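To start, the structure under review is shown below, and the notes come after it.
The values are calculated or read from the model by the stated rules, or taken from the named source; none is laboratory data. Because the structure is predicted, anything quoted here is derived from the model rather than measured. Here the Cβ is made from the backbone with ideal geometry for all residues, glycine too, and neighbour counts use every protein chain on show.
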Amino acid sequence: MTRHFLSLTDMDAGALREILGEAHRRKKARAGMPKGAADSDAPLAGHVLAMLFEKSSTRTRFSFEVGMTQLGGSSIFTSAGDMQLGRGETIEDTAQVLSRFVDGIMLRANDHNALVALAQNANVPVINGLTDYNHPCQIMADLMTLEEQGRDLKGLRLAWVGDGNNVAVSFINGAVKFGYQLVISTPTGYGPAGQMVERARAEGAHIELIADPRKACQSADVVIADTWVSMGDTDIDQRMSDLADWQVNDALMECAANDALFLHCLPAHRGEEVSASVIDGPNSVVFDEAENRLHAQKAILLWCLEK
Ligand code: CP
Ligand code: NVA
């Protein structure tokens, strides 16, 4: 069966654990090498990845493209609007056509259903590069970063502060697989959609919903923020005002454990969801987190391609 990477919910916890292990190993093994040089085993030599973007990207694009180079393969980038997809060719036909040309497809989609349709009609692995629903590659990089900082994920207390968006959803899904505790603090109306939290809890996840961000951050080992306005959100002024009390700043970090780490998937907006003092401060690991997109995704690509 073709291995897709669409959501952590589809994944076996053991496979996710192996992916993180491979990411750590490969990162260590290539320390000091030029960034465009291939890993010594070049496991994806001769393989090509299509990268389709319906939304902007810096990290996802560069990390997948450099990742394929480091694995010995190559990639083709296109914004979906430049393809016939943008003129009405169906996602189903696009999936079949691309499957004849490439060994894997990465899609950043406005609508998660488009990603699922692509995977259902492709004969090659499809990887989620972010949708309106989730961002699983991001969470793998985030968890790798925490482990790199010497943190054991099991029982670790993570506090998500702000909008219960696509990245928050992947943290919820990850809580089932990795056994960390997740506290989610959002204003009313910004919580994770539907029965997601209940479903995760039924599968054994420890998830608390605590509206007050100060209480939510109490004893947290990790505090996490993301933009208040995600790509595709149009109610900008409303969000700015509704989320204003959910800024991660020094006062909020004071509530967390003394050595609490700060994560943000980036891009960040200093003075909005996070103060400059926190994101540029000593407990912030956001640039390791950004770098680890590369290492985590290389391991995801290898898992998908069964290498
Ligand atoms: N974090 C993240 O996915 O960044 P980009 O939007 O730059 O890819
Ligand atoms: N929640 C953000 C993440 C960007 C990487 C968005 O969807 O725009």
The range 248-292, residues that are farther than 16 Å from Leu146 by Cα, not hydrophobic (A, V, I, L, M, F, W, C) and not in a loop (DSSP other than H, G, I, E, B) = Asp250, Glu254, Arg270, Ser277
Answer yes or no as to whether Ile127 is outside any helix (DSSP H, G or I) and among the aliphatic types (A, V, I, L, M).
-> yes
In the range 227-238, residue nearest to ligand 1 (Cβ to nearest atom) [restricted to those that are of a type in the set (A, V, I, L, M, F, W, C) and in contact with a Lys or Arg (Cβ under 7 Å, 6 or more places away or on another chain)] | Met231
Considering residues that are surrounded by fewer than 20 Cβ atoms within 10 Å (Cβ to Cβ) and either more than 16 Å from ligand 2 (Cβ to nearest atom) or acidic (Asp, Glu) (or both), the number found within the range 56-74 is 5
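For residues that are in a loop (DSSP other than H, G, I, E, B) and either farther than 11 Å from Pro125 by Cα or under 12 Å from the mean Cα position of the chain (by Cα) (or both), tally how many sit in the range 293-307.
So the answer is 1.
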Taking the range 104-117 and keeping only residues that are crowded, with 24+ Cβ neighbours inside 10 Å and part of a helix (DSSP H, G or I), one is left with Leu115
Working carefully through the options Ile207, Ile224, find the one that is of a type outside the set (D, E, K, R), within 24 Å of Asn173 (Cα to Cα), within 16 Å of ligand 1 (Cβ to nearest atom) and not in a loop (DSSP other than H, G, I, E, B).
-> Ile224
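Examine the range 234-242 for a residue that is touching a residue at least 40 places away in the same chain (Cβ under 8 Å), farther than 21 Å from Arg108 by Cβ and part of a loop (DSSP other than H, G, I, E, B), and state whether such a residue exists.
no
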Residue within the range 259-269 that is within 30 Å of Val126 (Cα to Cα), within 16 Å of ligand 1 (Cβ to nearest atom) and surrounded by fewer than 14 Cβ atoms within 10 Å (Cβ to Cβ) present = yes
Looking at this structure, is Gln195 modelled with pLDDT under 95 and either buried (at least 20 other Cβ atoms within 10 Å of the Cβ) or on the phi < 0 side of the Ramachandran plot (or both)?
-> yes
Does Thr131 fit the bill of being farther than 14 Å from Phe5 by Cα and surrounded by 16 or more Cβ atoms within 10 Å (Cβ to Cβ)?
-> no
Residue list for the range 140-177, filter: aliphatic (A, V, I, L, M), in contact (Cβ under 8 Å) with a residue 60 or more places away in the chain and not in a helix (DSSP H, G or I) | Leu156, Leu158, Ala159, Val161
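Residue by residue, here is whether (1) surrounded by 17 or more Cβ atoms within 10 Å (Cβ to Cβ); (2) in contact with a Phe, Trp or Tyr (Cβ under 7 Å, 6 or more places away or on another chain); (3) of a type outside the set (Ser, Thr, Tyr) holds:
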position	(1), (2), (3)
Ile172	yes, no, yes
Arg199	no, no, yes
Ala205	yes, no, yes
Asp212	no, no, yes
Val223	yes, yes, yes
Asp235	no, no, yes
Checked Asp250, Asp288 against criteria (away from ligand 2 (no atom under 16 Å from the Cβ), surrounded by fewer than 19 Cβ atoms within 10 Å (Cβ to Cβ), within 19 Å of the chain's Cα centre (by Cα) and within 25 Å of Gly155 (Cα to Cα)); the one match is Asp288
Does Leu153 count as crowded, with 17+ Cβ neighbours inside 10 Å and either among the basic types (Lys, Arg) or in contact with an Asp or Glu (Cβ under 9 Å, 6 or more places away or on another chain) (or both)?
-> yes
